[in-house]
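Chemist: Got a structure for you, questions after.
The values are calculated or read from the model by the stated rules, or taken from the named source; none is laboratory data. None of these values were measured; they are calculated from a predicted model. Here the Cβ is made from the backbone with ideal geometry for all residues, glycine too, and neighbour counts use every protein chain on show. SASA here: full protein model, heavy atoms, side chains in, ligands and nucleic acids out. Shrake-Rupley method; radii C 1.70, N 1.55, O 1.52, S 1.80 Å.
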Amino acid sequence: MTDATMPADPPAIESPFVDQLGVRIVDAKDGRCEILLPLAERHMNTWSVAHGGVTMTLADTALAMAARSLSEDGVGVVTIEMKVNFMQPGRGELRAFGRVMHRSTTMAYCEGEVLDSEGHFVAKALGTFKYLKRLAVGREIRRQRSRSAPDAHPGPSDA
């Protein structure tokens with residue numbers, strides 16, 4: 001799918017960290033996922049290529065979203081283990097793909113890859129994800145934080 005055929009405002013991934021990176025969903029259904037990230041200066045390491053943590057986050061997110069695409073509402077996944085092999089530096093726009101290879105009632109085993117804007121292999125990933133009911137506690141804490149002023153964090157004098 002090209003940028004011209006993508007929805008103007010894709011849905012958020014529902015992870016403040018991943019959303020802050022600027023990751024966009026291309027597709028996530030039927031045990032498969034594709035996400036993309038146009039690299040910006042903030043994503044780079046000291047050699048001006050994608051930081052390994054950015055590449056790993058993309059892989060983790062694509063695999064987890066592939067697993068989530070097979071779950072019912074109110075069920076999410078947590079990463080149990082993940083292995084990433086780096087092939088070459090990431091440049092331009094990175095696309096991550098994830099696929100569920102096997103699913104049980106409680107776990108999903110997934111594989112995927114990260115490619116650069118020229119289609120070169122950047123990384124290969126394998127991961128195991130556990131299905132869990134989403135906890136309202138985490139969402140409630142996020143809602144409370146978003147209602148408070150950005151600078152209203154307790155400091156030493158507020159303790």
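Chemist: Among the residues of segment 1-52, write down those that are among the acidic types (Asp, Glu) and at pLDDT below 95.
Modeler: Answer for segment 1-52, where residues must be among the acidic types (Asp, Glu) and at pLDDT below 95: 3, 9, 14, 19.
Chemist: Collect the residues in segment 105-126 that are of a type in the set (A, V, I, L, M) and more than 18 Å from residue 50 (Cα to Cα), keeping them in residue-number order.
Modeler: From segment 105-126, those of a type in the set (A, V, I, L, M) are 107-108, 114-115, 122-123, 125-126; that's our starting set.
Those that are of a type in the set (A, V, I, L, M) and more than 18 Å from residue 50 (Cα to Cα): 107, 108, 126.
Chemist: Cβ-Cβ under 9 Å, sequence separation 6+ or interchain: first residue in segment 75-104 and under 15 Å from residue 52 (Cα atoms) and touching a residue at least 60 places away in the same chain (Cβ under 8 Å), partner of a type in the set (Asp, Glu) and not in a strand (DSSP E or B). Which pairs?
Modeler: 95/116; 96/60
Chemist: For segment 86-109, state whether one or more residues are among the hydroxyl-bearing types (Ser, Thr, Tyr) and closer than 22 Å to residue 20 by Cα.
Modeler: The first filter runs over segment 86-109 and keeps only residues among the hydroxyl-bearing types (Ser, Thr, Tyr), leaving 104-106, 109.
Next cut, closer than 22 Å to residue 20 by Cα only: none.
Checked segment 86-109: no residue is among the hydroxyl-bearing types (Ser, Thr, Tyr) and closer than 22 Å to residue 20 by Cα.
Chemist: If you go through segment 60-78 one residue at a time, do you hit one that is open to solvent by 70 Å² or more (accessible area, probe 1.4 Å), over 17 Å from the mean Cα position of the chain (by Cα) and among the charged types (D, E, K, R)?
Modeler: Checking segment 60-78: at least one residue is open to solvent by 70 Å² or more (accessible area, probe 1.4 Å), over 17 Å from the mean Cα position of the chain (by Cα) and among the charged types (D, E, K, R).
Chemist: Working only within segment 33-54, note down all residues that are part of a loop (DSSP other than H, G, I, E, B) and either crowded, with 16+ Cβ neighbours inside 10 Å or of a type in the set (A, V, I, L, M, F, W, C) (or both).
Modeler: At the first step, the residues of segment 33-54 found to be part of a loop (DSSP other than H, G, I, E, B) are 39-40, 45-49, 51.
Once the filter is applied, which keeps residues that are part of a loop (DSSP other than H, G, I, E, B) and either crowded, with 16+ Cβ neighbours inside 10 Å or of a type in the set (A, V, I, L, M, F, W, C) (or both), segment 33-54 yields 39, 40, 47, 49, 51.
Chemist: Take the conditions more than 13 Å from residue 122 (Cα to Cα) and either of a type in the set (Asp, Glu) or not in a helix (DSSP H, G or I) (or both) and apply them to residue 79. Does it pass?
Modeler: yes
Chemist: Search segment 82-100 for residues being in a strand (DSSP E or B) and either over 18 Å from the mean Cα position of the chain (by Cα) or charged (D, E, K, R) (or both), and hand back the single one that is surrounded by the fewest Cβ atoms within 10 Å (Cβ to Cβ).
Modeler: 83
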